[in-house]
1. Looking for whichever is crowded, with 18+ Cβ neighbours inside 10 Å and either farther than 20 Å from B:ILE100 by Cα or more than 17 Å from the chain's Cα centre (by Cα) (or both) here; the options are B:THR229, B:THR181, B:THR186. Which one fits?
2. Take the residues of region B:51-78 that are buried (at least 19 other Cβ atoms within 10 Å of the Cβ) and of a type outside the set (A, V, I, L, M): which is nearest to B:SER288 (Cα to Cα)?
3. Just to check your reading of the model, which residue among A:VAL66, A:VAL15, A:VAL34 is within 30 Å of B:PHE222 (Cα to Cα) and either more than 8 Å from every other protein chain (Cβ to nearest Cβ) or buried (at least 21 other Cβ atoms within 10 Å of the Cβ) (or both)?
4. Name the residues in region B:134-172 that are over 22 Å from A:ALA37 (Cα atoms) and touching a helix residue (DSSP H, G or I) at 6+ places or on another chain (Cβ under 6 Å), would you?
5. Do you know which residues across region A:114-140 are without any contact (Cβ under 8 Å) to a residue 24 or more places away in the chain, out of contact with any Pro (no Cβ under 8 Å at 6 or more places or on another chain) and surrounded by fewer than 19 Cβ atoms within 10 Å (Cβ to Cβ)?
6. Please specify each residue of region B:238-247 satisfying the condition of being of a type in the set (A, V, I, L, M) and buried (at least 19 other Cβ atoms within 10 Å of the Cβ).
7. When region B:147-184 is examined, which residues are found to be in contact (Cβ under 8 Å) with a residue 12 or more places away in the chain and of a type in the set (Gly, Ala, Ser)?
8. Just wondering, is there one or more residues in region A:151-162 that are among the hydrophobic types (A, V, I, L, M, F, W, C), under 30 Å from A:GLU233 (Cα atoms), in contact (Cβ under 8 Å) with a residue 40 or more places away in the chain and more than 14 Å from every other protein chain (Cβ to nearest Cβ)?
Amino acid sequence: MAIRRTWGEKWFDGVNIAVLFVLMAATLYPLIYVAFASVSDPSLFVRHSGLLLYPQGFTIEAYKLVLNNPMIYISYLNTLLYVVAGTVLNLAMTILGAYALSRKDLYWKNAITLVIVFTMFFSGGLIPLYFTVMDLGLLNNRLALLLPVAINTMNLIIMRTSFLSIPVDLEESATIDGANDFTILQRVILPLSGPIIAVMILYYGVAHWNSWFNAMIFLRDRELYPLQLILREILLSNSTDTMMTDVSSVNKTPVGETIKYATIIVATIPILFVYPFLQRYFVKGVMIGALKG
Amino acid sequence: MENPVTPIDVRGGIFRTSRLQAIKKDFAKRKLIYFMLLPVVAFYVVFHYWPMYGAIIAFKNFSPARGILGSEWVGYQNFQDFFRSYYFFRVLRNTFLISIYELIFGFPAPILLALLLNELRNKWYKRVVQTVTYLPHFISLMVICGVVTDFLAKDGVINDAIAFFGGSRESFLLLPQWFRTIFVSTSIWQQVGWGSIIYLAALSGIDQQLYEAARMDGAGRFRQIWHITIPGIAPTIMILLILQTGHMMNVGFEKIILLYNPNTFETADVISSFVYRKGLLEMNYGYSAAVGLFNSLINFTLLILANWASKMAKQTSLW
């Protein structure tokens, strides 16, 4: 549409582009800073002041220390386990619940739905949940990171709404052909639910990857810790000392500085890597969520 | 929640089936479905309703050794202790103020971003901005708080900039007066892009003919935004505003715990972080559970009100 633009509109367009560019820079710069710092020479880096526009020197020493650190390695594997097992459990539970609650003629449906939705409005609180997990004997057990978060109620409702939008005719003809509910779920519903399942994997998977609080309160053994808790020790408690047993004491602090950044990069790379592939599901995910929100 | 007619309603009138028979028949017919629901209901009972029952420790002088049932009742003692304590006003004020700031500054930010994105003519540039601004939503809180701590440290980038312009260096995270600003601005930084998605979707639903008609009438870009775009997304804004108000007193503890320290408790400590500290760190279980229950009740009330209001708004916003 070639509409003649007034001077004011041209000015507006220019400012708009500039404002959004500044926003992008402000969003990306912290990440770029971290990336540059992680490959900087530690002794040059600590002497540097102000914005980092390029790496100060170049060394991958920090990455070597991070990747050789057994705790990083163990916690990385733990996180992968929690993400995969947790997301599989989440999906299975959410699909079962969503399918059952999307059936039309179920006597207890409204009652069960009410029981489930009520938990979005009211919760017993942190302390009672802690004692529930303790009473179940799950303290210091990997299951404590999976079972208490087996279903996210919002996600369950999103999925149910999505199942409800599948034409009933398909299910009816399957029933006439003698299919039971498991067959209908498996052969009719799930094949038609690719996008919503992708959205669920995205939501649940990222939540497990980023989760740390439950691990902090439920786990004692460091061997069970997810990556985020080790990150916490390194980033927020400044305890990089454990990593640098073989670094001479003179250099200790500078290397500690760059180790922080290398750890951040190592912990964030997987997210950055899958991000472009997940992007096409964002809008769908937000929209389905909003409809019922 | 829609209310489909249950079988009992239909059959009850015609066949006079008793309720019990209907239940039995329904169960026999939908055995598999109830079998599927078993783990789901078990999950809700164990991890939601058991803790709700467990919340009665708020009325007890709870000791883990004696268990929930064995501990002695103290009535409203824990609640009274909280209401009378110095912390009551502090955590209530902090929770409220952080919510208000997030409402005033955090709520309009994604709307503004969506409006700006909507005005971009270059679709490629628009996609790039979207890709970049959605990203922080997925970065872990730990990394974000780590970077925030690092940037705001006395030898951090922010202070380097201040020193460069002749200011004096401050340890921002140790100063109570800065906590809320830091908390809210980093939240906006992380969520503004993600939050704009829903408004962009609403914007794409606006009838393009309205713009053409407005241009015919000689309306410029600003008048088009003011008279078409903003009214077009007003219902979405309304609903989201109501929903956010419903979460008013529900400030999550995760980011608070990662950023606060005893120096900033005065402005940083919110209800949920207070519950965590009193309960799990100081093992003051009954007291902490009482504070938690108090918070749950407030949240419950606000959410019910918000839900009711959004239903009203949905009805009236069909203009």
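Each value in this text was obtained by applying a stated rule to the coordinates, not by laboratory testing. Quick caveat: nothing in here was measured; it's all calculated off a predicted structure. Cβ: placed from backbone, ideal geometry, glycine included. Neighbour counts: every protein chain shown.
1. Details: B:THR181 fails: crowded, with 18+ Cβ neighbours inside 10 Å; B:THR186 fails: either farther than 20 Å from B:ILE100 by Cα or more than 17 Å from the chain's Cα centre (by Cα) (or both).
After applying the criteria, what remains is B:THR229.
2. B:ASN78
3. Details: A:VAL66 fails: within 30 Å of B:PHE222 (Cα to Cα); A:VAL34 fails: within 30 Å of B:PHE222 (Cα to Cα).
Testing whether each residue is within 30 Å of B:PHE222 (Cα to Cα) and either more than 8 Å from every other protein chain (Cβ to nearest Cβ) or buried (at least 21 other Cβ atoms within 10 Å of the Cβ) (or both) leaves just A:VAL15.
4. Selection gives B:TYR134, B:HIS137.
5. Across region A:114-140, the qualifying residues are A:LEU114, A:VAL115, A:PHE118, A:PHE121, A:PHE122, A:ASP135, A:LEU136, A:GLY137.
6. Our first condition is that a residue be of a type in the set (A, V, I, L, M); within region B:238-247, this holds for B:238-243.
B:ILE239, B:LEU240, B:ILE242, listed by residue number.
7. B:ALA153, B:SER171
8. Initially, region A:151-162 is screened for residues among the hydrophobic types (A, V, I, L, M, F, W, C), giving A:151, A:154, A:156-159.
Applying the additional criterion that residues be under 30 Å from A:GLU233 (Cα atoms) yields A:151.
When the remaining residues are screened for being in contact (Cβ under 8 Å) with a residue 40 or more places away in the chain, the result is A:151.
From what's left, more than 14 Å from every other protein chain (Cβ to nearest Cβ): none.
Scanning region A:151-162, I find no residue that is among the hydrophobic types (A, V, I, L, M, F, W, C), under 30 Å from A:GLU233 (Cα atoms), in contact (Cβ under 8 Å) with a residue 40 or more places away in the chain and more than 14 Å from every other protein chain (Cβ to nearest Cβ), so the answer is no.
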